[in-house]
Amino acid sequence: MPSKNLLITGGAGFIGSHVVRLFVNKYPDYKIVNLDKLTYAGNLENLRDVENKPNYIFQKGDILDLELLTDIFKTHQINGVIHLAAESHVDRSLSNPAEFANTNIIGTINLLSVALNSWKGEFDGKIFYHISTDEVYGSVEHGNFFTEETSINPHSPYSASKAGSDHFVH
């Protein structure tokens, strides 16, 4: 039996596929469940080299689907989440901010809720990593940098929705 059963959301995207590949190859005793909606950013070609590995499972789906999330947690006994799924790209967020709020905020809340319900207060050995973006801090002048003390200052629906999801996770 695998020592960890990880759900990686957004695992067919550019960054997510690298995370999936790393975990599938580096931790053969882990079961890796990759949940991706396969929108404009997801591409299973990114994962052809791991698609037939015994510790890898792909599940097409949406983090807005509570029933699906609950089923995945139950079926695969998920004890860790690496959450990369998100609507991204500032320009796209300007034309459809509600889609960004739904996926990035409500989708994150769904994952948190299902994890809490599934783990029933037993958090030893459980992990929930939420991946954000530096854009939640706004702009920085050349030569400066953000720190943990930098105030959140989003400038687009994308960064505002990611900042919102960050707050729910925190």
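The values are calculated or read from the model by the stated rules, or taken from the named source; none is laboratory data. It should be emphasised that the depicted structure is a prediction, and the values quoted were computed from it without experimental measurement. A quick note on method: Cβ atoms are made from the backbone with ideal geometry, for glycine too, and the neighbour counts reach across all protein chains shown. Each accessible area value is taken on the protein alone, full model and side chains, heavy atoms only, with ligands, DNA and RNA left out. Shrake-Rupley method; radii C 1.70, N 1.55, O 1.52, S 1.80 Å.
Elements of the type helices (runs of 4 or more DSSP H) sitting completely within the range 63-170 and holding at least 1 residues that are surrounded by fewer than 20 Cβ atoms within 10 Å (Cβ to Cβ) and under 14 Å from the mean Cα position of the chain (by Cα): these cover 107-119, 157-169.
The lone criterion from (1) in contact with a Gly (Cβ under 8 Å, 6 or more places away or on another chain); (2) open to solvent by 40 Å² or more (accessible area, probe 1.4 Å); (3) not aromatic (F, W, Y) left unmet by G42 is number (2).
Entry remark, the range 76-90: residues being of a type in the set (S, T, Y) and farther than 12 Å from K162 by Cβ number 0 in total. The number of residues in the range 1-37 being in a helix (DSSP H, G or I), farther than 20 Å from G107 by Cα and not β-branched (V, I, T) comes to 6. Yes or no: S17 under 30 Å from E135 (Cβ atoms), touching a helix residue (DSSP H, G or I) at 6+ places or on another chain (Cβ under 8 Å) and not hydrophobic (A, V, I, L, M, F, W, C)? So S17 passes the test. Only one of the listed residues (K53, K60) is modelled with pLDDT of 95 or more, open to solvent by 60 Å² or more (accessible area, probe 1.4 Å) and under 15 Å from the mean Cα position of the chain (by Cα). That residue is K60. Taken over the range 5-29, the criterion of being surrounded by fewer than 18 Cβ atoms within 10 Å (Cβ to Cβ) and either touching a residue at least 24 places away in the same chain (Cβ under 8 Å) or within 28 Å of R92 (Cβ to Cβ) (or both) is satisfied by F14, I15, H18, L22, N25, Y27, P28, D29.
Applying the condition of being of a type outside the set (S, T, N, Q) and part of a loop (DSSP other than H, G, I, E, B) to the range 44-62 and asking which residue is farthest from G13 (Cα to Cα) yields P54.
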